[in-house]
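These notes are about the structure you will find just below.
The values are calculated or read from the model by the stated rules, or taken from the named source; none is laboratory data. Please read these numbers as outputs of a predicted model, since none were measured by experiment. Every residue, glycine as well, gets a Cβ built from its backbone with ideal geometry; the counts of neighbours run over all protein chains shown. To get the accessible areas, we keep the full protein, side chains included, count just its heavy atoms, and leave off ligands, DNA and RNA. Shrake-Rupley method; radii C 1.70, N 1.55, O 1.52, S 1.80 Å.
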Amino acid sequence: HWEDTELSAIASTWGHVNQEEIGHEALVRLLVVYPWTLRYFKKFGNLANAAAIAGNASVRQHGKTVMGAVDQAIHDLAHVDQTYSALSKLHSDTLHVDPHNFKLLGNCIEITLANHFPGEITPCVQGAWHKALEVIASALSKRYH
Ligand code: ZNH
């Protein structure tokens with residue numbers, strides 16, 4: 001269940017974020033803070049240290065891809081399970097991504113948003129974002145078995 005205040009806080013932040021920038025920064029954070037997540041991205045080339053990760057073109061592209069899917073979810077928060085059905089199956093059966101990592105990326109997105117908009121991400125607004133990112137992580141985890 002969503003309160004109007006939560007939905008409007010999310011829509012307001014989302015209306016003025018640079019999705020590509022936020023996606024890139026959040027993904028770089030994930031890969032640096034939780035280094036075991038690097039194992040899924042071996043084909044991306046040089047990910048030897050934080051500077052290499054931040055400068056890696058495939059990481060930047062992947063941040064954009066992930067944020068495109070987050071954008072879809074944000075626009076229809078009541079139906080994220082359906083929206084992510086095929087994507088969940090892909091992460092489970094093909095990519096074998098441990099679903100705990102979805103929550104970790106969510107945390108990194110929260111921190112990145114708070115860094116960019118310190119005055120705006122009040123505890124209540126962060127709470128609304130946390131809930132949305134948990135819904136996203138849960139939907140991506142639905143088709144694991
Ligand atoms: Zn992921 C891929 C989304 C998280 C890993 N992904 C992907 C894609 C998308 C996504 C859309 C594309 C697909 C196709 O192609 O079809 N993700 C997403 C989201 C999220 C995520 C929305 C949350 C929020 N992922 C994630 C994580 C990880 C991952 C956490 C780990 C750690 N992904 C991945 C991989 C891939 C993907 C590995 C593949 C890449 C390539 O190949 O390039």
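Only one of (1) more than 11 Å from the ligand (Cβ to nearest atom); (2) under 22 Å from Ser8 (Cα atoms); (3) assigned to a helix (DSSP H, G or I); (4) not polar (S, T, N, Q) fails for Ile136. Which number is that?
(1)
If Pro118 satisfies all but one of (1) within 15 Å of the ligand (Cβ to nearest atom); (2) open to solvent by 70 Å² or more (accessible area, probe 1.4 Å); (3) assigned to a loop (DSSP other than H, G, I, E, B); (4) of a type outside the set (Ser, Thr, Tyr), what's the number of the condition it fails?
If we test Pro118 against (1) within 15 Å of the ligand (Cβ to nearest atom); (2) open to solvent by 70 Å² or more (accessible area, probe 1.4 Å); (3) assigned to a loop (DSSP other than H, G, I, E, B); (4) of a type outside the set (Ser, Thr, Tyr), just (1) comes out false.
Filter the stretch 34-49 down to residues that are of a type in the set (A, V, I, L, M, F, W, C) and open to solvent by 80 Å² or more (accessible area, probe 1.4 Å) and give me whichever is farthest from the ligand (Cβ to nearest atom).
Initially, the stretch 34-49 is screened for residues of a type in the set (A, V, I, L, M, F, W, C), giving 36, 38, 41, 44, 47-48.
Right, trim to open to solvent by 80 Å² or more (accessible area, probe 1.4 Å) and you get 36, 48.
On the way: Trp36: 8, Ala48: 18 Å.
So, considering only residues that are of a type in the set (A, V, I, L, M, F, W, C) and open to solvent by 80 Å² or more (accessible area, probe 1.4 Å), the one farthest from the ligand (Cβ to nearest atom) is Ala48.
Report, ordered by the first and then the second residue, all pairs with beta carbons closer than 8 Å, sequence separation of six or more or different chains, a first member in the stretch 39-57 that is farther than 24 Å from His91 by Cα, and a second member that is part of a loop (DSSP other than H, G, I, E, B) and open to solvent by 80 Å² or more (accessible area, probe 1.4 Å).
Ala52/Asn46
If I ask for residues that are within 9 Å of the ligand (Cβ to nearest atom) and either within 12 Å of Arg143 (Cβ to Cβ) or in contact with an Asp or Glu (Cβ under 9 Å, 6 or more places away or on another chain) (or both), which ones from the stretch 50-68 would you list?
Let us first name the residues in the stretch 50-68 that are within 9 Å of the ligand (Cβ to nearest atom), namely 58, 61-62, 65-68.
Hit for the stretch 50-68 is Met67, nothing else.
So if I check each of Leu95, Leu113, Leu90, Leu77, which one is touching a Leu at 6+ places or on another chain (Cβ under 8 Å) and of a type in the set (A, V, I, L, M, F, W, C)? Write out each step before concluding.
Values: Leu95 fails: touching a Leu at 6+ places or on another chain (Cβ under 8 Å); Leu113 fails: touching a Leu at 6+ places or on another chain (Cβ under 8 Å); Leu90 fails: touching a Leu at 6+ places or on another chain (Cβ under 8 Å).
Answer to the check: Leu77.
Quick one: which residue in Asp71, Asp81, Asp93 is near the ligand (Cβ under 10 Å from one of its atoms), of a type in the set (D, E, K, R), outside any loop (DSSP other than H, G, I, E, B) and modelled with pLDDT of 95 or more? Before the answer, list the steps.
Values: Asp81 fails: near the ligand (Cβ under 10 Å from one of its atoms); Asp93 fails: near the ligand (Cβ under 10 Å from one of its atoms).
Just one listed residue meets the conditions, Asp71.
When the residues of the stretch 96-115 are filtered to those that are out of contact with any His (no Cβ under 8 Å at 6 or more places or on another chain) and outside any helix (DSSP H, G or I), which remaining residue is most open to solvent (accessible area, probe 1.4 Å)?
His96
May I ask you to list the residues in the stretch 129-145 that are within 21 Å of Arg29 (Cα to Cα) and open to solvent by less than 40 Å² (accessible area, probe 1.4 Å)?
Trp129, Ala132, Leu133, Ile136, Ala137, Leu140
May I ask you to say which residue of Asn101, Asn107 is at pLDDT 95 or above, near the ligand (Cβ under 8 Å from one of its atoms) and of a type in the set (S, T, N, Q)? Please lay out each step first, then the result.
Values: Asn107 fails: near the ligand (Cβ under 8 Å from one of its atoms).
It is Asn101.
Residues to consider are His24, His1, His16; find the one that is under 12 Å from the mean Cα position of the chain (by Cα) and either open to solvent by less than 80 Å² (accessible area, probe 1.4 Å) or more than 15 Å from Leu140 (Cβ to Cβ) (or both). So that I can check it myself, show each step before the final result.
Details: His1 fails: under 12 Å from the mean Cα position of the chain (by Cα); His16 fails: under 12 Å from the mean Cα position of the chain (by Cα).
Going through His24, His1, His16 in turn, the sole match is His24.
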